[in-house]
Amino acid sequence: MSTDAASHQRVITAVLAAIDAGELATATHHLCDDVTILFGNLEPLVGAAMFAQLFAQFGSSLQAVRHEIHDIWPAATDLDVLTAAMTVHYTRTDGRSVSLPCCNVFRMNGDLIAEYRVYMDISPALAAQ
């Protein structure tokens with residue numbers, strides 16, 4: 001694995017850990033100011049502030065979140081694109097736990113995330129309680 005790919009993996013792991021800890025300001029330090037966020041079928045969002053707003057909105061509906069990373073690997077033809085396969089464990093405000101499969105795709109610009117794509121159906125975690 002290239003040095004860049006290993007560095008990119010560390011950034012992605014740090015962002016997911018910050019989200020898990022509820023430290024959105026820390027997470028946004030790893031994002032480009034004009035990061036593009038695509039989450040499921042939601043409209044694309046642009047900017048680190050929009051990222052923080054989106055995840056704060058999800059966080060207000062949940063007690064806890066934990067990303068269990070299974071693999072992070074770079075694209076064969078573009079080492080600035082990485083895919084993370086994981087299970088995301090949510091604790092809802094009613095105390096019920098929900099674990100969902102997830103695949104994120106990241107495009108890096110140096111050591112910052114320029115594009116953050118989330119492929120998952122989060123609706124079971126946010127369903128009426």
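A few remarks follow.
- Taking 23, 115, 43 in turn, the Gaussian network model of the chain (Cα-Cα springs below 10 Å) assigns the largest fluctuation to 43.
- Accessible surface, the range 11-65, averaged per residue in Å² (probe 1.4 Å): 50
- Relative contact order of the chain: 25 percent, from C-alpha pairs under 8 Å at least 6 residues apart in sequence.
- Label point distance in nm, residue 105-residue 127, each placed 7 Å from Cα along Cα→Cβ: 2.8
- The calculated 222 nm mean residue ellipticity attributable to helices in the chain amounts to -9000 deg cm²/dmol, summing -39500 (n - 2.57) over DSSP H runs of n ≥ 4 and dividing by all residues.
- Charge context of residue 77, other residues only, Cβ under 15 angstrom, K/R +1, D/E -1: -2
- Computed on the Cα atoms alone, the convex hull of the chain gives a volume of 95 cubic angstrom per residue.
The values are calculated or read from the model by the stated rules, or taken from the named source; none is laboratory data. Here the structure is a predicted model, which is why all the values come from computation and not from measurement. Note: ideal-geometry Cβ built from the backbone for every residue, glycine included; neighbour counts use all protein chains shown. Heavy atoms of the whole protein, side chains included, go into the accessibility calculation; ligands, DNA and RNA do not. Shrake-Rupley method; radii C 1.70, N 1.55, O 1.52, S 1.80 Å.
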